[in-house]
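The values are calculated or read from the model by the stated rules, or taken from the named source; none is laboratory data. Note that the structure is a prediction, hence the values are computed from the model and not measured. Quick reminder, even Gly has a Cβ in these numbers, built from the backbone with ideal geometry, and neighbours come from all protein chains shown. When the accessible area is computed, the model is the full protein with side chains, heavy atoms only, and any ligands, DNA or RNA have been set aside. Shrake-Rupley method; radii C 1.70, N 1.55, O 1.52, S 1.80 Å.
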Amino acid sequence: MAYDHEEQEQLASLKAWWNRYGNLISWVLIIVLAAYAGWSGWNYYLRNQAAQAGQLYEELQKAVTAKDAAKVQRAATDLTDKFGRTAYAEMGALAAAKSAFDANDLKVARAQLQWVVSNGRDEEYKAIARIRLAGVLLDEKAYDEALKVLSGDVPAAFAGAVADRKGDILVAQNKVQEARSAYQLALDKSDTNDPARQLIQLKLDAIGGTSAKSVG
């Protein structure tokens, strides 16, 4: 059926518009579709990575329960090497550090904790690693390095634990007055229901400190 004059004009206008803008629109659609495909693919990749990392972390936990230190370290290394962007890598490194510390392998414990401090994405896991790493360095009598590890900001929930660890290091350095201040800060920053408060108070009393008080 032949087009009438009005339809022919509309068709001509459409052709002219498409000749002018069609190529641009095609490229925009290609870019949008490519971006969507990339986004979908990236999310699939992350889900797949998380699933594999979760399975490996389960194996690590089984090795911890079995006290198979060598397998714990292998699993932790696989997690950090292959799935370092996942939370499982940080959790695995922390678990592997404890396993190594319990086996009196301070070098491996330090390396695992340092990985979390340097590469972790979760600030809470990083704070835990810093506190534990400072404890390992304290055992190695690397006092200045231990204090350096504890410098900087941490989530508020860990402020008391950091101050407590600083107190331990300062006592080891015979810096009693500074240690008192650190322990007092640890008490001030700790929740009143925190069971660790009693131990902190005992340490403060042992170096001639005063009773716990709140700074508000």
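When residue 34 is tested against (1) open to solvent by less than 70 Å² (accessible area, probe 1.4 Å); (2) modelled with pLDDT of 70 or more; (3) of a type in the set (A, V, I, L, M), only condition (2) is not met.
When residue 208 is tested against (1) of a type outside the set (S, T, N, Q); (2) under 22 Å from residue 146 (Cβ atoms); (3) modelled with pLDDT of 85 or more, just one condition goes unmet, and that condition is (2). Restricting to the range 85-136, and then to whatever is surrounded by 15 or more Cβ atoms within 10 Å (Cβ to Cβ) and acidic (Asp, Glu), can you tell me which residue is nearest to the chain's Cα centre (by Cα)? Going through the qualifying residues, I end up with 90.
Of all residues in the range 117-129, those satisfying the criterion of being part of a helix (DSSP H, G or I) and either polar (S, T, N, Q) or over 16 Å from residue 186 (Cα atoms) (or both) are 117, 118, 119, 123, 124, 125, 126, 129.
Is at least one residue of the range 39-52 among the aliphatic types (A, V, I, L, M), modelled with pLDDT of 70 or more and out of contact with any strand residue (DSSP E or B) (no Cβ under 9 Å at 6 or more places or on another chain)? There is at least one residue in the range 39-52 that is among the aliphatic types (A, V, I, L, M), modelled with pLDDT of 70 or more and out of contact with any strand residue (DSSP E or B) (no Cβ under 9 Å at 6 or more places or on another chain).
Taking each residue of the range 185-196 that is in contact (Cβ under 8 Å) with a residue 24 or more places away in the chain and looking for partners that are open to solvent by 60 Å² or more (accessible area, probe 1.4 Å) and in a loop (DSSP other than H, G, I, E, B) with beta-carbon atoms closer than 8 Å, six or more apart or interchain, yields 187/213; 188/213; 188/214; 188/215.
Among the residues of the range 155-197, write down those that are open to solvent by 60 Å² or more (accessible area, probe 1.4 Å), outside any loop (DSSP other than H, G, I, E, B) and of a type in the set (Asp, Glu). The answer is 178, and nothing else. For the range 137-154, enumerate the residues that are among the aliphatic types (A, V, I, L, M), under 17 Å from residue 174 (Cβ atoms) and either open to solvent by 60 Å² or more (accessible area, probe 1.4 Å) or not in a helix (DSSP H, G or I) (or both). Listed by number, the list holds a single entry, 142.
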